[in-house]
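Please read the structure below before turning to the comments.
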Amino acid sequence: MCGIVGYIGARDSQAVLLDGLSKLEYRGYDSAGIAVFTQDGLRVSKAKGRLAVLAEKLEDAPLKGSVGIGHTRWATHGKPSDENSHPHTDKTMKFSVVHNGIIENYMELKEELIAQGVHFVSETDTEVISHLIAREYDGDIVKAVQRATEHMRGAFALGVLTEHEPDKLVAVRFASPLIIGIGEGENFIGSDIPAILQYTRRVYILNDGEMAVLTKDAVELMTIEGNFISREMIVVDWDVLTAEKGGYDHFMLKEIHEQPKAYRDTMRGRINEDRSGVKFPELKGLTPAKLSSIRNVHIVACGTAYHAGLVGRTLIEQCVGIPVETDVASEYRYRSPIITKDTLVIVVSQSGETADTLAALREAQRNGAHVLAITNVVGSSVAREADDSIVTWAGPEIAVASTKAYTSQLIAFMLFSLYWAQSTGSKDTAWIGQQLAAMESLPEQVERILEQADVLKDVAEGMAKHDNMFFIGRGLDYAVALEGSLKLKEISYIHSEAYAAGELKHGTLALIEDGIPVIALTTQPTLVEKMVSNIKEVKARGGVVYAVTDETNVAGVEKAVDGTFVLPATLPMLTPALAVVPLQLISYYASLARGNDVDKPRNLAKSVTVE
Ligand code: M6R
């Protein structure tokens, strides 16, 4: 968690750092801080709370200088406070560090440093790093950082400055993401590309165990052991606007509206022109022979990505007919799953950096499974470590609440299930072609749903007055109900539960009382009659039921409910890619109606890089 940024060049570094941090606030926003070389030496300014608090403080007391590091924090060790904010310094105030990650042995190191006379001013694990570097310094900051890291266990992306060598910025990556931006007479570090995109598109992505030494005119890359390395420079083709709000009030709303493009981009180049099948030239390890040898599948992910995995389970089972289990990544390792060389483990992660997902990936590989990653970030840890990966071309997702990343994951699962079916012959070409034709209509169908946002705004404003809600569904609709419920809780703070509709009467029906809003998903033709019975059970107890149904099923549903939203008709297997969109909009407008910070919900961060 946390975002780090660094600058060395000729500009006013305070402005560059604040700008970079504003693009990284999705990684945490408990506090923010910067350290800059000023004419009076290395100076730090930091403050608890959003970046705006720091920006205000700096307006009154600016830090002037052209070299600096910055940090936006998601608290792990120590509560959000000014003292626990980064950057951290040593007792001489000559060394300053920003850190993303966790130093697992920090207590041990802290005790050692205290015994050596060091006085700590914060409760963080990071502060040990600045003291360690100061202790190891003997005139060469690069060597001091290398020696300090030898003592550290855990995850760390670091930006380090010392007043002794003000022409250098040192960056290290170990199990937390870090990129280097290359400019003309200036260079940058950042946790993610949007942080530097306004200044340069040319980047190096550091791998674990690598570091970079930046001056304003050069970047040297080396391993933590000090062996120089060369790396291909990547030219990022995102435009600055893509990483900004583009005229929408919130990133979430922009990202909801970007879904038709995300669907098209994720499908682009992967469907044969005559719709005879799917192409995945990037899947070098998952050859048809390898796919034929797979006996079972485990899908592992967290949060919204886990919900995409629940849909993926049904898709693979229906298309290929082999058993699939879906697990929450933080639980997967602890149930001792039966993994063999014939197991395919699919890890799903927007960021590609989620700690639990990464740990599950490694566990699966240790046990001999083939790992396929579905991720939105090329070059992320998950993408690099998996045996094969499918990129979802959703583009940068900034809002904490995942929308276009989720639906692109659904598209990736649909394509992959069809690819597998065609490789093993479990479905014929005509059936696959029919699914692909329907998939190609999805972007335009989502556009039609988005045109009805105002209707959903009214519905959401009514629901926002309640403190409890339910989502119910059967089959694929249940998987979508789980995602709708998570989205609502996450940003509106309305307590909500998603239930398999048939399970309601086994306990939870006791919670249904007069006026409670219930969203019933009813898109599966074979399950509509049973859903209507469940809806009636809810209505008989006073629940107010709003159905999300489609043109195929509306006739059987509308008389039983208090309101309906009708989706365009598609094939049953593809409905999640449409049904979730009104639920995203309802959550968005409910959050807005309650006056919440839609893009940065309380207590959460976009990228969860701690277990
Ligand atoms: O980056 P990942 O897809 O691995 O993130 C997993 C979850 O943290 C994420 O999907 C989270 O549940 C979303 N913020 C929910 O909107």
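What follows is calculated from the coordinates using simple rules that are stated; it is not laboratory data. Owing to the predicted nature of the structure, the values given are computational and were not obtained by experimental measurement. Cβ: placed from backbone, ideal geometry, glycine included. Neighbour counts: every protein chain shown.
Structure above, values below:
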read-out: Whole-angstrom gap from region 553-611 to region 149-201, using each part's C-alpha centre; value: 38 Å
read-out: GluC sites (Glu not before Pro) restricted to region 200-302 and DSSP loop, no more than 14 other C-beta within 10 Å; value: Glu225, Glu232, Glu273, Glu282
read-out: Rounded to whole Hz, the Karplus (6.51, -1.76, 1.60) HN-Hα couplings of region 431-441, x for glycine and proline; value: 5, 5, x, 5, 5, 5, 4, 5, 4, 5, 7
read-out: Spread of Cα-to-Cα distances over 10 Å intervals beginning at zero, given as percent, for the chain; value: 3, 17, 25, 24, 17, 10, 4, 0
read-out: In degrees, nearest ten, helix 13-24 long axis to first principal axis of the chain (Cα); value: 20 degrees
read-out: Computed helical MRE - 222 nm, the chain, DSSP H runs ≥ 4 contributing -39500 (n - 2.57), nearest 500; value: -11000 deg cm²/dmol
read-out: Kirkwood-based shape ratio for region 453-593, expressed as Rg/Rh from alpha carbons; value: 0.92
read-out: Mean separation of Cα contacts under 8 Å (6+ apart) over length of the chain, as relative contact order %; value: 12 percent
read-out: Gap separating the Cα centres of region 298-336 and region 51-87, nearest whole Å; value: 40 Å
read-out: Above-threshold pairs, the threshold being 28 Å between Cα atoms, out of Lys487/Lys539; Lys404/Lys559; Lys46/Lys94; Lys284/Lys427; Lys46/Lys489; value: Lys404/Lys559; Lys46/Lys489
read-out: Antiparallel content of DSSP bridges confined to the chain, in %, to 5; value: 60 percent
read-out: The chain: angle of helix 51-60 to the longest principal axis, Cα-based, in degrees nearest 10; value: 30 degrees
read-out: Cα-based helix-to-principal-axis angle, 453-463 vs the chain, degrees rounded to 10; value: 90 degrees
read-out: When region 131-214 is reduced to its Cα atoms, the Kirkwood hydrodynamic radius in Å; value: 13.3 Å
read-out: Mean separation of Cα contacts under 8 Å, 6 or more apart, over the residue count of region 251-448: relative contact order %; value: 32 percent
read-out: Student exercise, region 42-85 dipole from Lys, Arg, Asp, Glu Cβ charges, in Debye to nearest 20; value: 120 debye
read-out: Overall form of region 251-448 per C-alpha gyration tensor (a/c, 1.5; a/b vs b/c); value: oblate
read-out: Exposure proxy ranking, count of Cβ atoms within 10 Å, fewest first, for Trp420, Trp431; value: Trp431, Trp420
read-out: Shape category assigned to region 515-600 from the gyration tensor of Cα positions, a/c cut at 1.5; value: oblate
read-out: Amide H within-cut-off set for Val544, under 5 Å, with H built and near neighbours excluded; value: Gly515, Ile516, Val518
read-out: Packing-based ranking, highest mean first, of 386-396, 405-415 given that Cβ atoms within 10 Å are counted; value: 405-415, 386-396
read-out: Region 3-243 shape via C-alpha gyration tensor axes, a/c threshold 1.5; value: rounded
read-out: Estimated dipole of the chain in Debye, rounded to 20 [Cβ of Lys and Arg +1, of Asp and Glu -1, Cα centre]; value: 760 debye
